[in-house]
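Here the structure comes first, spelled out in structure tokens, and everything after it is commentary.
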Amino acid sequence: MGRLGLPLRRNNADRQRGGAWLYRCCSRLVAGWLALLLLASCGSVARPDDFAPTKKVDEFVAALEARNPSAVIALLEPGDWRREIGPELRIYFRYMAALQLRNKEVSVVENDGGLAIMRLKGDLVYTLSESNVQGERPIDLIIEVVHIQGTWYLRSFQLPTPEN
């Protein structure tokens with residue numbers, strides 16, 4: 001016997017009861033955590049992918065900076081607007097000798113998985129073709145990007161324009 005009247009050594013029956021108690025506690029704890037994880041995964045709604053629409057806006061900016069109307073047209077949602085905007089884009093790029101977007105920020109305003117509303121902010125640095133006038137101005141554009149049959153397309157946007 002020890003100082004407090006407790007046996008110093010446990011017999012085999014005491015060891016088995018203590019081991020069983022520990023096993024039951026651990027298994028209940030693990031089962032509880034698994035139940036919480038299951039509930040958490042069932043209750044959460046999967047967030048739509050923001051990477052693909054963000055990448056599409058980045059491709060749009062790259063096509064603008066390259067002053068490539070064909071590349072911009074390829075990013076557009078198939079339909080009438082895609083055919084109609086071609087001449088306007090060609091005039092726009094003839095008007096701009098150089099175009100660059102500095103301090104670019106692309107953010108997701110809203111994304112439901114089928115339609116993403118994107119915001120493009122930055123500083124437009126430009127050189128006009130005919131007058132060789134250079135300038136810089138901040139832009140803040142909203143761009144709609146739509147998911148159609150596995151591909152994201154630009155649905156609507158406003159071309160950044162220099163100050164007059």
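The values are calculated or read from the model by the stated rules, or taken from the named source; none is laboratory data. Bear in mind the structure is a predicted one, so any value in this text is a computation, not a measurement. Reconstructed Cβ throughout: ideal geometry from the backbone, glycine too, with neighbour counts over all protein chains shown. Each accessible area value is taken on the protein alone, full model and side chains, heavy atoms only, with ligands, DNA and RNA left out. Shrake-Rupley method; radii C 1.70, N 1.55, O 1.52, S 1.80 Å.
Taking a probe of 1.4 angstrom, what is the accessible area of Tyr126 in Å², to the nearest 10?
20
With a cut-off of 16 Å, note down the residues of region 124-152 whose backbone N falls inside the zone around a label point 7 Å from the Cα of Asp49 toward its beta carbon.
What the label zone holds, given the 16 Å backbone N cut-off, is 145-152.
Taking region 92-164, which GluC sites (Glu not before Pro) meet the DSSP loop condition and have no more than 15 other C-beta atoms within 10 Å?
Working: sites: Glu105, Glu110, Glu130, Glu136, Glu144, Glu163; in loops: Glu130, Glu163.
Filter output for region 92-164: Glu130, Glu163.
Any chance you could run the full-extension gain for Ile73 through Asp140? It's 0.36 nm times the residue separation minus the Cα-Cα distance, nm to one decimal.
Working: separation 67, 0.36 × 67 = 24.12 nm, distance 2.13 nm.
Length gained, Ile73 through Asp140: 22.0 nm.
By how many nm would the segment from Ser27 to Gln158 grow when fully extended, if each residue of separation counts as 0.36 nm and the alpha-carbon distance is taken off? Numbers along the way, then the final one.
On the way: separation 131, 0.36 × 131 = 47.16 nm, distance 5.97 nm.
Here the answer is 41.2 nm.
Calculate the FRET efficiency for Ile91 and Arg119 from the Cβ-Cβ distance with a Förster distance of 22 Å, rounded to the nearest 0.05.
Working: r = 26 Å, r/R0 = 1.18.
For R0 = 22 Å, the calculated efficiency reads 0.25.
What is the ratio of the Cα radius of gyration of region 67-164 to 2.2 N^0.38 Å, with N the residue count, to two decimals? Can you show the working numbers first?
On the way: Rg = 14.5 Å, N = 98, 2.2 N^0.38 = 12.6 Å.
That ratio works out to 1.15.
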